[in-house]
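This report concerns only the one structure given below.
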Amino acid sequence: DIDAQRVHDIMSGNPVIDEPDLSEKLYQALQSGSFTAQTAPSDADYYIIAVPTPIQKDTTADVSAVFAAADALVGVLRAGATIILESTVPVGTTHKLAQHLAEKTGLIVGKELFVAHCPERVLPGNIVRELIDNARIIGGVDRASVDAATALYKAFVKGNLYLTDATTAEMVKLVENSSRDAQLAFAHQVASMAY
């Protein structure tokens, strides 16, 4: 995280979000040495980009944080790394991200660098359980990227893994969010008529 105070709080045992069981799990991870939070990326096999993508006044998504996170990775990326985008993004963003990283690093996507979209699917209050139990869609910019991302999620997800291309994964997440929005709007409308 680029927020130094948030990183300090997490390393001090404060998960910075109110989520059942998270404080205990964070404490265990810190004690075991299997987890660290920091403000700059370091060498890793996998990088997950999970940043805000707010809607702007012109109704388009602001994906600047996605590309800022990618730029922060450029100095540490090495052949064999996998970048997974979990943020909700417009269709086509994952391919643009892959092209951006290839241009910045000189690594060949699908051979030396793997890029996939696996949108998060958790709700506050159930994040820990849903990270494990929910089905996930994994969409790569190519088959090698799908396989690389799947290897990570297979390690902890008990729900079904649906493998596809990045474009489909992006669209599925947008449709899921739109469906939820429509259901919430309908529920609010019914509630307003019930008074």
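The values are calculated or read from the model by the stated rules, or taken from the named source; none is laboratory data. Since we're looking at a predicted model, the values are computed, not measured. Note: ideal-geometry Cβ built from the backbone for every residue, glycine included; neighbour counts use all protein chains shown. The protein model used for the area step is the full one, side chains on, heavy atoms only, and it has no ligands, DNA or RNA in it. Shrake-Rupley method; radii C 1.70, N 1.55, O 1.52, S 1.80 Å.
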Given the conditions (1) out of contact with any Lys or Arg (no Cβ under 7 Å at 6 or more places or on another chain); (2) within 24 Å of Leu161 (Cβ to Cβ); (3) part of a helix (DSSP H, G or I), which single one is not true for Glu103?
(2)
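Is it the case that segment 38-57 has a residue that's over 29 Å from Val172 (Cβ atoms), out of contact with any Gly (no Cβ under 7 Å at 6 or more places or on another chain) and either hydrophobic (A, V, I, L, M, F, W, C) or not in a loop (DSSP other than H, G, I, E, B) (or both)? Spell out how you get there, then give the answer.
Just the residues of segment 38-57 that are over 29 Å from Val172 (Cβ atoms), to begin with: 38-40, 42-43.
Pick out the ones that are also out of contact with any Gly (no Cβ under 7 Å at 6 or more places or on another chain) and you get 38-40, 42-43.
Among the residues that remain, those that are also either hydrophobic (A, V, I, L, M, F, W, C) or not in a loop (DSSP other than H, G, I, E, B) (or both) are: 40.
Yes - at least one qualifying residue is present in segment 38-57.
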Per-region count, segment 166-195, residues of a type in the set (Asp, Glu) and in contact with a helix residue (DSSP H, G or I) (Cβ under 8 Å, 6 or more places away or on another chain):
1
Going by the structure shown, is Leu163 assigned to a strand (DSSP E or B) and under 22 Å from Ser87 (Cβ atoms)?
yes
Out of segment 25-35, which residues are open to solvent by less than 80 Å² (accessible area, probe 1.4 Å) and assigned to a loop (DSSP other than H, G, I, E, B)?
Gly33
Search result, residues across segment 39-68 that are more than 21 Å from Gly140 (Cβ to Cβ), in contact with a strand residue (DSSP E or B) (Cβ under 8 Å, 6 or more places away or on another chain) and open to solvent by 60 Å² or more (accessible area, probe 1.4 Å)
Pro54, Ile55
Residue pairs within 6 Å by beta carbon, gap of at least six or interchain, first lying in segment 10-25 and of a type in the set (Ser, Thr, Tyr), second at pLDDT below 95, listed first then second, are Ser23/Pro15
Quick one: Asp71 ticks every box in (1) exposed (fewer than 15 other Cβ atoms within 10 Å of the Cβ); (2) in a loop (DSSP other than H, G, I, E, B); (3) free of Cβ contacts under 8 Å to residues at least 40 places away in the same chain bar one, so which box is it?
(2)
Exactly one of these conditions fails for Asp181: (1) within 28 Å of Asp71 (Cβ to Cβ); (2) over 19 Å from the mean Cα position of the chain (by Cα); (3) among the charged types (D, E, K, R). Give me its number.
(1)
Could you list, in sequence order, the residues of segment 100-156 that are closer than 20 Å to Val51 by Cβ, aliphatic (A, V, I, L, M), within 15 Å of the chain's Cα centre (by Cα) and at pLDDT 95 or above?
Val115, Ala116, Ile137, Ile138, Ala149, Leu152
Quick check on segment 127-143. Is at least one of its residues surrounded by 15 or more Cβ atoms within 10 Å (Cβ to Cβ) and small (Gly, Ala, Ser)?
yes
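Anything in segment 106-125 that is free of Cβ contacts under 8 Å to residues at least 40 places away in the same chain and part of a strand (DSSP E or B)? List them, or say none.
Step one: of segment 106-125, the residues free of Cβ contacts under 8 Å to residues at least 40 places away in the same chain are 106-114, 122-123.
Those that are free of Cβ contacts under 8 Å to residues at least 40 places away in the same chain and part of a strand (DSSP E or B): Val109, Leu113, Phe114.
Looking at Thr150, Thr94, which one is within 29 Å of Arg180 (Cα to Cα), touching a helix residue (DSSP H, G or I) at 6+ places or on another chain (Cβ under 6 Å) and assigned to a helix (DSSP H, G or I)?
On the way: Thr150 fails: touching a helix residue (DSSP H, G or I) at 6+ places or on another chain (Cβ under 6 Å).
Every option except Thr94 fails the conditions.
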